[in-house]
Amino acid sequence: MNAPPFLRRFPRIASLCAAVLVAQKLAALDATPIPITPRAAWIEPVTLDQTAGVDPALIDDGYYYVLTDRQVNVDPSETYFHGAFKVLNNSGLEDASQIEIEYNPAYEKLEIHGFTVYRDGKALDWSKRVRWKELQRETSLSQGLYDEATTMLIVLEDIRARDVVEYDYSVRGSNPIFGKRFYSYFSYGYDYPMASLSFRVRIPQGRNLEIRQHGRTIPLTTTELANGAVAKVWTEKNSPAVKAEDGVPDWYETYPWIEISEWKTWADVRAWGEQTFASAESPPKDIETAYRDIMDRYEVTHPAATDDDRLIAALRFVQDEIRYFGIEIGANSHRPRTPRETLATRFGDCKDKTTLFCALARMAGFEAWPALVNSTQGRDLGGWLPSPESFDHVIAAVKDGDGWLWFDPTISYQGGAIRSTWVPNYGDALILNPDVGALTPMPKEMANDIDVHEIYQPNGYDEPGTLEVISTYRGKSADDMRFRMANSGRASIESDYLDFYQRSFPRAEKLEDITSGDDRDGNTLVINESYAIPNLWGAAGSRHSLYVYPYTFSGDLSDFAHMGETRSAPYWLGEPKNERHRITVHLPESMRIESSTYASDNPWYRFTYSANQKGDTLELAYRYETLAETVDARSFPSFREKAKDEYDSYMGYTITETTPSTQGEYALPTVPLPLTIALAAATALLGFYVGFHARHKSPE
């Protein structure tokens with residue numbers, strides 16, 4: 001399920017692994033009364049209707065929220081959350097008895113206001129029936145980030161089926177890196193209808209904030225308060241469910257949301273970014289020695305070396321030799337360290353690595369600046385209100401004539417020339433250059449480029465055969481495979497690939513170790529595999545058969561098979577692709593095969609197929625290339641029908657032994673069998689089909 005536009009600042013109700021862990025966890029928690037603090041005077045809690053509810057048939061987890069009430073005070077900064085959930089049955093008890101609240105003690109203070117349980121029509125104060133503990137979990141550590149975020153773990157005692165649990169808390173403070181300018185959001189929409197939801201913002205006199213609703217809007221009321229302040233309140237009863245669809249691009253806004261910003265223009269945000277990153281500027285002399293050492297090690301100090309050579313050396317050094325790890329405590333969540341600090345520690349996150357790369361690029365003779373991007377929803381930025389919180393990643397923009405070269409210093413093991421280095425299309429970027437005030441669109445992504453050639457060599461129907469596989473990766477595909485080979489040993493990759501073919505041919509064994517050739521400058525990587533297959537031709541009744549299949553892009557024409565024809569969101573075709581799969585089968589006897597070709601005609605992708613016999617060899621050639629990024633919802637039924645028809649008709653080929661009664665005539669199918677017929681005719685090779693998706697040769 002797609003997440004809402006931003007990570008929800010709602011408490012997560014997490015699942016316990018097993019009932020025995022409950023007693024262990026309770027023993028480790030604090031049994032003293034949890035500190036309870038009165039609500040601030042500006043808060044106006046929404047009254048809970050404990051009788052409200054939804055159809056239990058719509059609920060999967062045994063409990064659900066009936067109230068979501070979030071309130072924000074602009075100055076001083078404070079966020080209030082008030083929620084209530086209903087426990088339907090015993091299956092929801094484990095999840096509903098545990099509440100987790102995350103906050104950052106570097107600039108935030110958590111205050112708990114109370115717990116109430118409604119049971120048999122009575123409201124019961126539950127504040128003394130909780131166990132609690134503050135945990136420094138570092139949930140981002142697995143992504144290479146250390147931020148000292150804290151989790152307040154609360155375990156409620158004696159929660160029962162049909163209880164309604166109400167609780168509220170406040171978080172005071174905000175990240176000082178953003179100064180006094182205000183920004184907040186409220187996302188809404190669950191898999192089930194919400195009985196009551198509310199979002200309230202208290203704005204003091206003299207503060208001018210912009211408001212924008214995205215997606216389905218909900219009613220807004222404005223109330224004047226004391227001292228010239230106003231309250232903006234959005235409320236909705238029986239808020240409809242939001243069902244996320246499969247195959248939706250990241251930038252598509254499935255969930256409706258509201259944003260409020262005090263930032264007026266993207267130029268204001270750019271000025272904030274310049275000031276924030278300026279603190280990391282260091283004199284060139286601080287890194288002169290390191291720069292010379294890097295150029296020497298990458299052998300680009302000779303007279304024939306160009307500025308481009310030196311820029312590539314700087315990029316490779318930062319990408320490959322500065323490991324990804326960020327210390328993001330307080331304002332350091334957005335303020336980079338100096339290049340000298342990053343060089344000294346040999347680690348940094350995206351902002352640290354980008355700042356270092358830009359410094360090295362300038363020493364190599366280039367104009368380079370950090371650029372703020374949103375790693376998943378950058379296509380939407382033009383429709384959002386300006387704010388630094390719209391961005392979650394930093395890359396580099398290098399001036400190239402009238403345009404820009406883009407580099408992501410966090411991507412390791414890239415190859416290619418300076419102008420062919422792959423970078424994701426993050427959508428709109430905010431370059432921290434004083435001469436660039438607006439958002440700058442990034443270029444279209446270069447396509448994944450893969451060539452796979454399978455060569456089947458039989459020695460007769462009943463004799464062992466061999467399979468040779470030559471896979472050629474270019475561009476991003478070479479980057480990905482290079483990364484995989486650096487992070488997984490050859491033996492691990494060999495085991496994965498052999499396991500795939502053994503699902504088709506259980507007795508298959510590798511003939512030789514996998515070999516590879518890597519032209520990193522040209523960004524082309526070739527992998528060679530070879531297998532011995534005792535039962536290459538499987539027996540289907542009185543005849544032998546071999547079923548072959550272009551697994552490289554099989555999923556592109558079938559991954560949506562489980563989806564219905566009707567949808568409201570666009571369908572994402574995946575990353576740009578230009579992939580080819582060739583299959584050569586040396587025939588064990590003289591056969592006559594009629595040549596056939598096919599070329600798909602549609603606006604979404606290019607698919608071609610050909611089958612040609614050359615003497616005792618059958619050559620099958622397949623190609624798949626994306627022509628669009630998405631299929632709009634109205635066109636999805638036509639796309640689905642087209643792709644399914646081509647998948648069934650052309651994505652598999654069965655070669656069958658000539659029967660004794662037809663010797664001399666050498667009959668064979670003249671077109672590829674539809675997939676369902678092919679499988680029925682070659683049931684002994686069913687495992688081959690089953691194994692395709694398990695061994696898609698993508699480094700991902």
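Things to note:
- Along its principal axes, segment 286-325 has C-alpha extents of 36, 20, 14 angstrom, given from the largest down.
- Counting every pair of alpha carbons in segment 271-348, the share spaced more than 19 Å apart comes to 46 percent.
- Every Cα-Cα pair of segment 365-419 was included, and the share exceeding 15 Å stands at 57 percent.
- From the coordinates of this entry, log10 I(q)/I(0) by the Debye sum over Cα atoms at q = 0.06, 0.09 Å⁻¹ is computed, and it appears in (i) -0.48, -1.00; (ii) -0.43, -0.86; (iii) -0.63, -1.01 under the label (i).
- Net +/- balance of residues flanking VAL233 in space, Cβ distance below 10 Å, scoring K and R +1, D and E -1: +2
- In degrees, nearest ten, helix 636-650 long axis to first principal axis of the chain (Cα): 30
- Only alpha carbons enter this Debye calculation for segment 387-498, each as an equal point scatterer, and the log10 of I(q)/I(0) it gives at q = 0.10, 0.21 Å⁻¹ is -0.48, -1.20.
- Modelled spin-label separation between ASP246 and ASP402, with each label point placed 7 Å from Cα along the Cα-to-Cβ direction: 4.7 nm.
- Computed in the context of the full set of protein chains, the accessible area of the chain at 1.4 Å probe radius has 49% of its extent on carbon or sulfur.
- Solvent exposure of the chain as accessible area per residue, Å², 1.4 Å probe: 44
- With every protein chain in place and a 1.4 angstrom probe, the accessible-area ranking of ARG335, ARG316, ARG580, largest first, reads ARG335, ARG580, ARG316.
- Here the peptides 216-223, 149-156 are ranked by packing, the mean other Cβ count within 10 Å, and the order with the highest first is 149-156, 216-223.
- Neighbourhood charge, 11 Å Cβ-Cβ cut-off, centred on PHE85 and excluding it, Lys, Arg +1 and Asp, Glu -1: -3
- Two-site label geometry, HIS453 and ARG362: point separation in nm, points 7 Å out along Cα→Cβ: 4.9
- Efficiency of FRET between LYS285 and LYS264 - r from beta-carbon atoms, R0 41 angstrom, step 0.05: 0.60
- Taking 25 °C and 0.890 mPa s as conditions, segment 462-536 diffuses translationally at an estimated 186 µm²/s according to Stokes-Einstein applied to its Kirkwood radius (Cα pairs).
- Low-density loop cleavage sites - GluC sites (Glu not before Pro) in segment 465-559, where at most 14 other Cβ are within 10 Å (DSSP): GLU512
- Rounded Å value of the spacing that divides the Cα centres of segment 285-315 and segment 421-463: 27
- Computed extension gain for SER127 through ALA31, at 0.36 nm per residue and net of the alpha carbon distance, reaches 33.4 nm.
- Helical content of the chain, expressed as a calculated mean residue ellipticity at 222 nm, amounts to -5500 deg cm²/dmol (DSSP H runs of 4 or more residues, -39,500 (n - 2.57) each, divided by residue number, nearest 500).
- Nearest-ten-degree value, helix 19-28 long axis tilted from longest Cα axis of the chain: 40
- Within-12-Å neighbourhood charge of GLY415 [Cβ basis; K, R +1; D, E -1]: -1
- Distance-filtered residues of segment 229-267 - backbone nitrogen under 15 Å, label point 7 angstrom along LEU220 Cα→Cβ: 230-236, 257-263
The values are calculated or read from the model by the stated rules, or taken from the named source; none is laboratory data. Every value quoted in this text rests on a predicted model; they were computed, and no experiment measured them. Positions of Cβ are generated from backbone atoms using ideal geometry, with glycine treated the same way; all protein chains shown enter the neighbour counts. Note: accessible area is taken over every heavy atom of the protein model, side chains too, but ligands, DNA and RNA are not part of it. Shrake-Rupley method; radii C 1.70, N 1.55, O 1.52, S 1.80 Å.
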